[in-house]
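Structure record follows, encoded as structure tokens.
The values are calculated or read from the model by the stated rules, or taken from the named source; none is laboratory data. Since the model is a prediction, treat every value here as computed from it, not as a measurement. Cβ: placed from backbone, ideal geometry, glycine included. Neighbour counts: every protein chain shown.
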Amino acid sequence: MHIVVCIKQVPDSAQIRVHPVTNTIMRQGVPTIINPYDLYSLEEALRLRDQFNGKVTVLTMGPPMADQALRKALSIGADAAVLLSDRFFAGSDTLATSFALSSAIAKLSETDPVDMVFCGKQTIDGDTAQVGPGIAKRLELNQLTYVEKIRAVDLGARKITVERRAEGGVQVLTTALPCLVTMLEHTNTVRRGTMADMLRAARTEITVWNAAAAGIADIALCGLKGSPTVVKKVFAPQPRKEKAKMIEAAEGGDIASATVAALFAADGRLEETLFRQTGA
Amino acid sequence: MEKFDAIVVGAGPSGNSAAYVLAKAGLSVLQVERGETSGSKNVQGAILYATSLEKIIPDFREEAPLERHIVEQRLWMLDDRSHCGTHYRSDTFNEERPNRYTIVRAQFDKWFNSKVREAGALVVCETTVTELARDEKGKVVGIKTDRDDSVIHADVVILADGVNSLVGQRSGIRDEIKPEHAALAVKEMHFLPREVIEQRFNVKDNEGVVIEALGTVTMGLMGTAFLYTNGESLSVGIGCLVSDFRDSGTSPYVMLDKFKKHPSIAPLIEGSEVKEYAAHLIPEGGYKAIPKLHGDGWLIVGDSGQFVNSMHREGSNLAMETGRMAAETVVALKAEGKSMTEANLARYRKTLEDSFVMKDLKKYKNLPEILHENRQFVTTYPNLLSKAAETWFRVDGMPKLDKEKTIFRTFRSGRRLRGLIGDAVKIARAWR
Amino acid sequence: MSEAKPAAAPSRGKMKAELSDHFKTYKDVWVFVEVERGQVHPVSWELMGEGRKLADKLGVELAGVVMGASGDGCDAAIATAYEYGADKVYTIQDPLLADYRNETYTKGMTELVNTYKPEILLLGATNLGRDLAGSVATTLKTGLTADCTALAIDDDRSLGATRPTFGGSLLCTIYTLNVRPQMATIRPRVMAMPDRQPGRSGGIVLHPLGMAEESVVTKILDFIPDAAKEDAHLAYADVVVAGGVGLGKPENFKLVKDLAAVLGAEYGGSRPLVQKGWIDASRQIGQTGKTIRPRLYIAAGISGAIQHRVGVEGADQILAINTDPNAPIFDFAHQGIVGDALTVLPALTEAFRRHLSRSQAAE
Ligand SMILES: Cc1cc2nc3c(=O)[nH]c(=O)nc-3n(C[C@H](O)[C@H](O)[C@H](O)COP(=O)(O)OP(=O)(O)OC[C@H]3O[C@@H](n4cnc5c(N)ncnc54)[C@H](O)[C@@H]3O)c2cc1C
Ligand SMILES: Cc1cc2nc3c(=O)[nH]c(=O)nc-3n(C[C@H](O)[C@H](O)[C@H](O)COP(=O)(O)OP(=O)(O)OC[C@H]3O[C@@H](n4cnc5c(N)ncnc54)[C@H](O)[C@@H]3O)c2cc1C
Ligand SMILES: Nc1ncnc2c1ncn2[C@@H]1O[C@H](COP(=O)(O)O)[C@@H](O)[C@H]1O
């Protein structure tokens, strides 16, 4: 069983700084991490690998330094890693990204047919949750997003049954392999590799592919050119003009009563709302 | 499990130097680092002394992430409202191969470690070495980690695990560092646009400025404060002896806050965005605190061996020097087909003694005690100096001769003549 | 998505939409009406309100897209769509659409687009909306801006979709240049719910799905409805009380629940509380949790990190309780109390209890 897990290296968003003058992201000193959502998918893939004695290949598209994310994934237990890196990929939107990644997955399939592709639910920088569905569509994989639990995989019958989070409940779905799965967060706990895993990871060569190596013939489908969307403006959120009005207790009164009064004063319909919802 | 020629514990400057030199020489090397990456556990912002690194990677300037080269050094005595001190700025420092750079450790260490990997060492991060493994005779034969129970074997283990060296302690090689031998330094990164930094510090291109300050900011504790210019940030910090913090009950954060609010510092950092607050120990025990440095199957380098010259604020360079020397010792023994016994590894100690590392540390061997016992250097003198300068510069109709007398009188009343002379002698002695 | 690559932005800014004759025939604004198990997700009506504004600006029609098995659910959805502003509804009703499945819905939606050619297609950024939008956009090879917080029509009639990036530290405005439709998904609770116009009506276009169950690979074995989850209303609550790390101990979270109970409000918390296990993940408010848009939001012991801020900014009124007068939350809260949440919360609970019972007695 061959499973490909797409991971993305992202800046640790809690620590992102915006340049006060140019409004650009200051990457200096900002640590990068594997997109946290991807780890749930990686763990799930590793569990299936262990169960079926298969192989997990981690794949990322990004700048050369994205190999750190791949190294990390190897040390968690992945067997092989591919970095898709080419200046033609710069400026890719979700459509171009899913094109590049799906080309690479197709290429991987030539030597070792891919049974399942895992993506994260979404990224914390792009936040779109669109790359996974994009890959599925291009490779015509059956798409299983927001999976809470993989109930069973039957390699012989090439079937998979999962529980998928829907609005107001869980769908139990069954479909055929090959398929694409995105796992919901907190669905498993990412393992810690053994010392043997660590040594193997440190020794594993990361395969680096440019567009041509990934079998991409038409560069126009990549990067800026292959992206129907363009970012026209980047700007910092407008700071609210006024800071919060600080409530202080009135002479002889207490702060709580002052607060109740202030809230009601600011919103004439609040009191009515409260009465309605408390049934008073 | 398999066996390596050498295992290096830690990926700070000392560990990276050792691992690089060993791997370059073709030895099989495993380096184990606790942090997520090399540098991830290290305090941001520092000064890099080029020479020590040049000995290992001659053309490092072409690729290492360097922030600014230093063209100006300020040494300030602070009282609560003023500073008085020296500036040394020279265009000579704009040489082709500058001598000192500011660096951001997280990036620099990461780069250095990437060179270690390129050189062929296996690097394993996010793994803590828990103890040294020994054979029945007590010879160190490898390490154990927190990942599982397996022992990873090696002919020699180089401990480059930093100031606390828990591995050294747990393995009975080293004692716990004494509170009076360690400074606790706190540091913040203050982000500012490049242009603002260049304007405020009167520099251009990649020129940089260093400010070292001592005085009443440390509230009577022995220590110094500093401010370095990076590309788009300032490293601002302060450090005092752990024992002083313990005895005084002052918190380093309060002290750093005081420094940042000082009227000479506040305008320099105004409007900056603070990111990354970090605290770290610096070994300041000097020569006398250096532990045993080698034994059967092991060597100690860097902070773990207390190699810091606190007088000159040198640490990372000594870390690189000791890492290199330890590695070269191992490489040489290996080439000669000799085993890693205590007797053979003594060569490392000898190399150290012959180098500036030990010579410098010996020169200041009494400094820690002297400073420890003579608080007037950070309390009385800054106040006296400030008062003197203020008197001297204020144009108020007082005859200059009277001004001189007043200054002299304040010094004498602040610190009796015997005290003044005594202090001078003490300093001179410590310097010798 | 189009990741913000500010360095490249200026040159992109000059790029102009150069529509082919084919795409010039694309007209109208469409809103996908998300019906699941007979229920319409409220985000669909929020989008209908927003779509109305865009259609009016463009001088075109606003249409709803309703898919499902024929029956009450679809009929009600169609009727309500008109009342929230749709001029027209495109609908595909087929037993195969009884439950959401990517294959069937993608086929239906792509066909509708290819046949009736909208210039803008909006979907809610729900699990269903995102699952569908990605597949549709890839099939149509068009641009899709995900998770938007603001939409506007440019002078050249193109849709500018603004979305937070890097966890809300930055916003970027994204355009789909040379392809139609321009697709966007919008987060629930970001747009205001429009007023409903009872009795309003419009046109209808029926379209067949043209698929047989045998040709659909994915089968639904079961649907396990959530046991009447107590958090179901957090995103849509009128009043929300939330706590953060400043509460100190898990036991203290009760103070938040107490106040919420007296106000008839929902409660939630910052992410660290979820990570510490003090509250359920479904109660997390912020970038990776729920976006809320209440009349009143009370935040106790929450610092106001950007990832939290983006989830609560839509609130009409924010009251922050924090011991630190410089806490970032005071930068966007409307009212503030500098004080210890552990004493302020119980005092507020008491004051509201008194007020609400007194007023009731007076009536
Ligand atoms: C605030 C501050 C400012 C300084 N400024 C300067 C300056 O300007 N110039 C200068 O030259 N020096 C400076 N120094 C000193 C300098 O940082 C140190 O001397 C230098 O980092 C020592 O290098 P090292 O490799 O020995 O130790 P470290 O840099 O401490 O590296 C030790 C490494 O070992 C790892 N480690 C520890 N235990 C284990 C374990 N059990 N298993 C695996 N890995 C482990 C750690 O994570 C760490 O990465 C400063 C120090 C501080 C605190
Ligand atoms: C990818 C990513 C996604 C994230 N998504 C989210 C998200 O969706 N939602 C979210 O909330 N966070 C999110 N975060 C985390 C976010 O960055 C902050 O870390 C988090 O919001 C901080 O939670 P807090 O305000 O409770 O805690 P802190 O930041 O620790 O703040 C505690 C506050 O309590 C105050 N305080 C202390 N004692 C008292 C007292 N007795 N009374 C009153 N006040 C007191 C303090 O002054 C302080 O301001 C995300 C982070 C990342 C990296
Ligand atoms: N550059 C990339 N390289 C590899 N995988 C990616 C990349 N971008 C996105 N993905 C995958 O697609 C998922 C959704 O990303 P997004 O659509 O950006 O939210 C991620 O969690 C990854 O699994």
Please go through region C:265-280 and give me each residue that is within 12 Å of another protein chain (Cβ to nearest Cβ) and either surrounded by fewer than 16 Cβ atoms within 10 Å (Cβ to Cβ) or within 16 Å of ligand 1 (Cβ to nearest atom) (or both), ordered by number. C:Pro272, C:Gln275, C:Gly277, C:Asp280
In region A:73-108, which residues are touching a Pro at 6+ places or on another chain (Cβ under 9 Å), of a type in the set (S, T, N, Q) and within 30 Å of A:Met195 (Cα to Cα)? A:Ser85
Could you list, in sequence order, all residues of region A:188-208 that are outside any loop (DSSP other than H, G, I, E, B) and among the hydroxyl-bearing types (Ser, Thr, Tyr)? A:Thr207
Is it the case, given these coordinates, that B:Glu63 is of a type outside the set (A, V, I, L, M, F, W, C), closer than 30 Å to A:Thr204 by Cβ and over 19 Å from the mean Cα position of the chain (by Cα)? yes
Enumeration of residues in region C:317-359 that are aliphatic (A, V, I, L, M), more than 7 Å from chain A (Cβ to nearest Cβ) and more than 9 Å from ligand 2 (Cβ to nearest atom): C:Ile318
Selection within region B:13-33 - within 9 Å of ligand 1 (Cβ to nearest atom) and either at pLDDT below 95 or among the hydroxyl-bearing types (Ser, Thr, Tyr) (or both): B:Ser14, B:Ser17
Of the criteria (1) exposed (fewer than 13 other Cβ atoms within 10 Å of the Cβ); (2) assigned by TED's automatic domain parsing to the domain that holds C:Leu151; (3) among the small types (Gly, Ala, Ser), which one C:Ala184 fails: (1)
Qualifying position, being surrounded by fewer than 24 Cβ atoms within 10 Å (Cβ to Cβ), within 14 Å of another protein chain (Cβ to nearest Cβ) and away from ligand 3 (no atom under 16 Å from the Cβ), among B:Glu198, B:Glu180: B:Glu198
When you check A:Phe118 against the structure, is it of a type in the set (A, V, I, L, M, F, W, C), more than 11 Å from every other protein chain (Cβ to nearest Cβ) and part of a helix (DSSP H, G or I), yes or no? no
Given the criterion surrounded by fewer than 21 Cβ atoms within 10 Å (Cβ to Cβ), farther than 18 Å from A:Ala45 by Cα and in the same structural domain as A:Val162 (by TED's automatic domain parsing), identify the matching residue among A:Ala129, A:Ala90, A:Ala96. A:Ala90
I'd like to verify a number: residues in region B:264-277 that are part of a loop (DSSP other than H, G, I, E, B) and in contact (Cβ under 8 Å) with a residue 60 or more places away in the chain, how many? 3
Please determine, by comparing only the residues of region B:131-173 that are near ligand 1 (Cβ under 10 Å from one of its atoms), touching a residue at least 60 places away in the same chain (Cβ under 8 Å) and not in a loop (DSSP other than H, G, I, E, B), which one is farthest from the other protein chains (Cβ to nearest Cβ). B:Gly168
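Yes/no matrix, rows are residues, columns are (1) surrounded by fewer than 19 Cβ atoms within 10 Å (Cβ to Cβ); (2) within 16 Å of ligand 3 (Cβ to nearest atom); (3) in contact (Cβ under 8 Å) with a residue 40 or more places away in the chain; (4) more than 14 Å from every other protein chain (Cβ to nearest Cβ):
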{"position": "B:Met219", "(1), (2), (3), (4)": "yes, no, no, yes"}
{"position": "B:Leu227", "(1), (2), (3), (4)": "no, no, yes, yes"}
{"position": "B:Ser233", "(1), (2), (3), (4)": "no, no, yes, no"}
{"position": "B:Asp247", "(1), (2), (3), (4)": "yes, no, no, yes"}
{"position": "B:Thr250", "(1), (2), (3), (4)": "yes, no, no, yes"}
{"position": "B:Val254", "(1), (2), (3), (4)": "yes, no, no, yes"}
{"position": "B:His262", "(1), (2), (3), (4)": "no, no, yes, yes"}
Every residue from region A:132-150 that is farther than 17 Å from A:Arg47 by Cα, more than 8 Å from every other protein chain (Cβ to nearest Cβ) and either over 18 Å from the mean Cα position of the chain (by Cα) or free of Cβ contacts under 8 Å to residues at least 12 places away in the same chain (or both): A:Leu139, A:Glu140, A:Leu141
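Would you say B:Gly39 is away from ligand 2 (no atom under 16 Å from the Cβ) and within 12 Å of another protein chain (Cβ to nearest Cβ)?
yes
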Being over 30 Å from C:Ser20 (Cα atoms), part of a loop (DSSP other than H, G, I, E, B) and touching a strand residue (DSSP E or B) at 6+ places or on another chain (Cβ under 8 Å) is true for just one of C:Pro188, C:Pro208. Which residue is that? C:Pro188
Listed residues A:Gly268, A:Gly215; which is assigned to a loop (DSSP other than H, G, I, E, B), at pLDDT below 90 and more than 10 Å from chain C (Cβ to nearest Cβ)? A:Gly268
Look at A:Ala106 and say whether it is away from ligand 2 (no atom under 16 Å from the Cβ), touching a Ser or Thr at 6+ places or on another chain (Cβ under 9 Å) and hydrophobic (A, V, I, L, M, F, W, C). no
Could you tell me whether any residue of region C:221-236 is part of a strand (DSSP E or B), without any contact (Cβ under 8 Å) to a residue 12 or more places away in the chain, of a type in the set (D, E, K, R) and not assigned by TED's automatic domain parsing to the domain that holds C:Arg101? yes
Check off (1) more than 14 Å from the chain's Cα centre (by Cα); (2) over 22 Å from A:Arg191 (Cα atoms); (3) modelled with pLDDT under 95 for A:Ile76 and give me the number that stays unchecked. (2)
Looking for something at pLDDT 90 or above, under 30 Å from B:Phe307 (Cβ atoms) and in contact with a Lys or Arg (Cβ under 7 Å, 6 or more places away or on another chain) - is there at least one such residue anywhere in region B:341-351? yes
Taking region C:305-319 as the search range and keeping residues that are hydrophobic (A, V, I, L, M, F, W, C) and over 13 Å from C:Arg293 (Cα atoms), which one is farthest from ligand 1 (Cβ to nearest atom)? C:Leu319
Count - residues of region B:302-357 that are within 30 Å of B:Ala185 (Cβ to Cβ), among the hydroxyl-bearing types (Ser, Thr, Tyr) and over 14 Å from the mean Cα position of the chain (by Cα): 3
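Considering each of B:Asn230, B:Asn309 in turn, give the residue that is more than 23 Å from B:Val196 (Cα to Cα) and polar (S, T, N, Q).
B:Asn309
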How many residues does region C:150-169 hold that are outside any strand (DSSP E or B) and without any contact (Cβ under 8 Å) to a residue 60 or more places away in the chain? 2
Residue check, A:Ala129 part of a helix (DSSP H, G or I) and either small (Gly, Ala, Ser) or more than 10 Å from chain C (Cβ to nearest Cβ) (or both): no
Of all residues making up region B:113-130, the number that are outside any loop (DSSP other than H, G, I, E, B) and surrounded by 17 or more Cβ atoms within 10 Å (Cβ to Cβ): 9
